[in-house]
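This report concerns only the one structure given below.
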Amino acid sequence: MNKKAVPEGVAFFYAQHFPSEHHRGVVSDENYFSENSNSRKVILILGNRLESIPLTHSSMIYKILRAGVLSALLTIASKSFAQQGIDVHHYDFHMMVNSLNDSLNATAQIHFLATEDLDQCTLELVSADENGGMEVLSVSRLGQSVKFEQLKRQLVVDLSLQQGDTASIKVAYRGVPKDGLIIGQNRYGKRTIFGDNWPNRAHHYLPVVDHPSDKATVNWHILAPEHYEVLANGILKEVRPFGGMYKEWFFEEKQDIPTKVMVFGAAQLEAWPLEGALPMKGYAYPEDAEHMKQALSVTQDVLNFFGEYIAPYPFESLWQSQSTTRYGGMENAACIFYDERAVDNPKQMERLIAHEIAHQWWGNTVTEVRWNDLWLSEGFATYFTAMYLEHQYGTPALIAFMKEGKDKVFNYKKQFPSKVVVPEVVEDPNKMLNKYSYYKGAWVLHMLRQEIGDLAFRDGIQQYYQTFAGGNANTEDFVATMESVSGRSLKSFFYPWLMEAGLPRLSYKVTYDKERKESIVTVRQEQQNLTSFPLELMAITFEGDKIYFSEKLSEKEQVFRLAVGEEPNAIKLDPNGHLLFELAE
């Protein structure tokens, strides 16, 4: 993509910003943290470590103060601050897009906390070259220019701060995004502009800390041609004419969200309200609007199920749009984008909608603290899609969905026999978008549900969400929550499924004891690393009756005696598809 010239007449945007009476959400660092109640945080210093937690997370604060130890802080802290020496609390983006070329003109106001003594603060932003990128024009603090240096992928700002200080800087910049903000044409040849940040591509057009551990609130002020519809994270606060041929759209998101789901979109779209208790809209290309309306009609059913099972929907609004982005669906916070061709497959579209809406709880509100734990986002969204299908269509729908996932896991294991769900090192987050993160992760939850029972599983899910909502969590946090709720040690359950390669491989043989009228079933684990799990067996009589038995498999080889009465016609392992294993030939 070649860099394009800035069109005449729009350079004022980054130089002058908006008229002062329209400065919404742009506040100085002196008043931001005292007046914006959604971003006020408690600063805690334990030893040589400083953390902050929103005042709204009172349960977290109480737990830390009660424990008074670093381990408690590490378990439930809502941020990870090691990356840049700053903890961003709020972004305020002002952007202008046009219908003539791919140029972007913008300012960003960034409010943050210094988590260590600093002479400089660093944000991520891809610099301009002959192929595109962002050129920083100025950086200021409290209206005064600040020295800065723009590196290939970083913006380094001279700023002397002590640990615990708060600051606010304003970055003015322009350019043509190389990635992240996808500017192009849809399948009907019409111009579209959609944010596509996952996993860490936001910094191609936004100066940010581009990591899921640093979550923040965000305001969007988008200047777009008047014939465009615009959508973004948060509540739509105002739309007003600007300069005759443009409109300014102002969105405000009060919940802390990671940059991977912090986006806006602008295109010629048909918009319509969706039925429900909160502000909701659907968006589609005019040519596909009727199909999209039908597809999105399930939205309230999905929200109702997740809202009852997990917790109330965490955001104030929900926008869902057909789009031109990289993935089949992208779970942007309260602003979901679906691939433009997804609407062509109604059956898959319902699953996709459920998956992306599930992410509003898992990934957007409770966010993995590191890419290694992506299954806490994708595995959860996948399994909650299965649970939604179970709720809507019954147990057969759940079994069928999990069977599809099992086949995908088996195929992935054949291609990558050494892969695990939670690797120790992740060099490229994109490679975590694999069948294990989605489907093996979902299977872990499915088997956990069988292991501890429906009630404990639901209680654990709700407790985990309540504890980490608005912040970050890792696999150890989830395991600890489930152990606490179930009253059991579950490390021997989780570790083999998440940290070890391969899958259980079972063989079995059946004999019949005529004197005791028992079927003798010998089950053997053929894989090297043994796994412990409950095993259901089913005896089928010659009359077609089914008798179920529940056992516990934990040894290399175990013998189960089943009181079946007369010799059965067949014995089957795991008849209802509760376990992820291969059956040896």
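The values are calculated or read from the model by the stated rules, or taken from the named source; none is laboratory data. Keep in mind that what you see is a predicted model, and the values were worked out from it rather than measured. Virtual Cβ from ideal backbone geometry, glycine too; neighbours counted across all protein chains shown. Accessible surface areas use protein heavy atoms only, side chains included; no ligands, DNA or RNA. Shrake-Rupley method; radii C 1.70, N 1.55, O 1.52, S 1.80 Å.
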Under a 1.4 Å probe, counting only protein heavy atoms, Ser99 has an accessible area in Å², nearest 10, of 60
Per-residue counts of other Cβ atoms within 10 Å, averaged by peptide: what ranking do you get for 161-171, 360-370, 422-432, highest first? 360-370, 161-171, 422-432
Two-decimal ratio, segment 424-550, of alpha-carbon radius of gyration to 2.2 N^0.38 Å: 1.36
Sorted by accessible area with a 1.4 angstrom probe, largest first, how do Tyr313, Tyr338 fall? Tyr313, Tyr338
At a probe radius of 1.4 Å, what is the per-residue accessible area of Leu573, in Å² to the nearest 10? 20
For Leu583 and Tyr188, extending 7 Å from Cα along the Cα-Cβ vector and measuring point to point gives, in nm, a value of 5.0
Could you order peptides 446-452, 560-566 by the average number of other Cβ atoms within 10 Å of their residues, highest first? 446-452, 560-566
Rg/Rh ratio calculated on Cα atoms of segment 258-338 (Kirkwood radius): 0.95
Assigning unit charges at the beta carbon (Lys, Arg +1; Asp, Glu -1) and nothing else, what dipole magnitude in debye, to the nearest 20, does the chain show about its Cα centre? 540
Whole angstrom only: what separates the Cα centroid of segment 159-230 from the Cα centroid of segment 115-153? 14
Round to a whole number: what % of the accessible area of the chain belongs to carbon and sulfur, probe 1.4 Å? 47
If the limit is 21 Å between Cα atoms, which of Lys281/Lys435; Lys147/Lys215; Lys408/Lys491; Lys254/Lys281 go over it? Lys281/Lys435; Lys147/Lys215; Lys408/Lys491
Please report the equivalent ellipsoid semi-axes of the chain, computed as sqrt(5 x eigenvalue) of the Cα gyration tensor, largest first, in whole Å. 48, 28, 20
For the chain, dividing by residue count, accessible area per residue (probe 1.4 Å) in Å² works out to 41
